[in-house]
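These notes are about the structure you will find just below.
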Amino acid sequence: MNQHANAHGTGYLSLESGQVFAGQLYGAPLTAPGEVVFHTGMTGYQEVMTDLSFAGQIVTFTYPLIGNYGINEQDNETLQPALAGMIVSELCEQPSHYRSRASLAETAARYGFPILAGIDTRAITKLVRSQGHLSGVIADKPLSAEEVTALCAKRDKKTLVAQVSSRQMVSYPGDGEHVVLVDLGMKRSILDSLLAKGCRVTVVPFDTTSEQIEALKPDGLVFSNGPGDPQDLLPYCAEWRKVVERYPTFGICLGHQVIALMYGAKTGRLPYGHRGSNHPVKELLSGKVYLTSQNHGYVVLEETIDKRQMTITYRNVNDGSVEGLRHLYLPIHTVQFHPEAHPGPDDTSHLFDQFIQSLRMIGAKHYA
């Protein structure tokens, strides 16, 4: 394959702050507006590509070479990517790995999103870190700051979760406890982690009513990760709280944030988010530090947490932000990071074991 054989010529990333970056355009040659974010993982671009938490975002990879092990059939987190586009320094067009079935550029063309390569990703990362929330557009021509702002404003204002959540209930067999997994934009590896522990799992759409969930007779609930501003989901929190108070519950990432909202806390935007597979968090009870996989732009604001109901269990080592919560009287636990760690270290995979143990020890029948 000739170098740049899959390229569409010169493409541009235009930012709302006025800067324009030129590079080689790969994938689908679409005009793609989105929030510009950066991901610090050395590996895991396939999982990032298919992680619905990145819906509507243009992901800048800080690692200089992306695509070198191709795309395989095992590591997708969902069937259809929802990200707006990718920005990379160097895109490998001839991957080398025994499981590879396609290049990243070929896969982007198939799924319909653009990749801009040959970009100074360090410069973009520094802009995001200094300016915080930053919108941009990938296109085949440079755009003015006003054009970028207008295109980004036109994006569908419908809740992102509503766009990516399951449309119907899906059941997965297992010999163990029955877990209802509320899909806010679920990574497949969360489901796989529960199934690997023997759980029977029913994945339900985000707007499933409390009566519908109770009719499934679960032993426990999991609220998944997902995209967007958690405050957009406030209208659903009262309904969710009805079942959260009846069953052992585990919230992951966006699931952690919405459970905090159910109990009166507020969320806010981080200066530039945590996205990568090497974020250290400290467990306050033991003092242990774990390396974790993270992907979030919002955080639970500590000063808004009702300490009569919830206590902080984990903190981010770098910025001190809230990384986990536990209800003082009910079996409800949440973490901001991803214990399924796909990609990333599996330091905190034991949290699934702890959750399943709570189903066995407590069970809804004891306090329903």
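Miscellaneous remarks
- Within segment 76-106, the residues that satisfy the criterion of being within 21 Å of Leu254 (Cβ to Cβ) and crowded, with 18+ Cβ neighbours inside 10 Å are Asn76, Glu77, Pro81, Ala82, Leu83, Ala84.
- Contacts under 6 angstrom Cβ, first residue in segment 210-225 being more than 22 Å from Pro339 (Cβ to Cβ), partner modelled with pLDDT of 95 or more and surrounded by 21 or more Cβ atoms within 10 Å (Cβ to Cβ), 6 or more apart: Ser210/Val243; Ile213/Val180; Ile213/Val243; Leu216/Val180
- Filter result for Asp353 (exposed (fewer than 14 other Cβ atoms within 10 Å of the Cβ), of a type in the set (Asp, Glu) and not in a loop (DSSP other than H, G, I, E, B)): yes
- Every residue from segment 49-70 that is in contact with a Phe, Trp or Tyr (Cβ under 6 Å, 6 or more places away or on another chain) and closer than 25 Å to Val161 by Cα: Thr60
- Scanning segment 159-175 for residues that are surrounded by 14 or more Cβ atoms within 10 Å (Cβ to Cβ) and in a loop (DSSP other than H, G, I, E, B) yields Thr159, Ser165, Ser166, Met169, Gly174.
- Residue within segment 121-138 that is basic (Lys, Arg) and either surrounded by 15 or more Cβ atoms within 10 Å (Cβ to Cβ) or more than 29 Å from Ala7 (Cα to Cα) (or both) present: yes
- Strands (runs of 3 or more DSSP E) lying entirely in segment 1-120 (those with 2 or more residues that are among the small types (Gly, Ala, Ser)): 10-15, 20-27, 32-39
- Checking each residue in segment 135-150 for being out of contact with any Gly (no Cβ under 6 Å at 6 or more places or on another chain), modelled with pLDDT of 95 or more and hydrophobic (A, V, I, L, M, F, W, C) picks out Val137, Ala139, Leu143, Val148.
- Tabulated pairs, segment 86-100, first farther than 17 Å from Ala28 by Cα, second surrounded by fewer than 16 Cβ atoms within 10 Å (Cβ to Cβ) and of a type in the set (A, V, I, L, M, F, W, C), C-beta under 7 angstrom, 6+ apart or interchain: Glu90/Leu65; Gln94/Met1
To keep it simple, each residue is scored yes or no on (1) closer than 24 Å to His342 by Cβ; (2) among the basic types (Lys, Arg); (3) more than 15 Å from the chain's Cα centre (by Cα).
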residue: Arg188; (1), (2), (3): yes, yes, no
residue: Asp192; (1), (2), (3): yes, no, yes
residue: Leu234; (1), (2), (3): no, no, yes
residue: Glu245; (1), (2), (3): no, no, yes
residue: Ile259; (1), (2), (3): yes, no, yes
residue: Leu284; (1), (2), (3): no, no, yes
residue: Val289; (1), (2), (3): yes, no, yes
residue: Val300; (1), (2), (3): yes, no, yes
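- All told, Leu25 meets the bar of being more than 27 Å from Gly255 (Cβ to Cβ) and touching a residue at least 24 places away in the same chain (Cβ under 8 Å).
- Those residues of segment 302-316 which are over 19 Å from Val244 (Cβ atoms) and over 20 Å from the mean Cα position of the chain (by Cα), in sequence order: Glu302, Glu303
- A count restricted to segment 195-206 and to residues that are in a loop (DSSP other than H, G, I, E, B) and under 11 Å from Glu177 (Cα atoms) stands at 3.
The values are calculated or read from the model by the stated rules, or taken from the named source; none is laboratory data. Quick caveat: nothing in here was measured; it's all calculated off a predicted structure. FYI the Cβ positions are ideal-geometry reconstructions off the backbone, even for glycines, and counts take in every protein chain you see.
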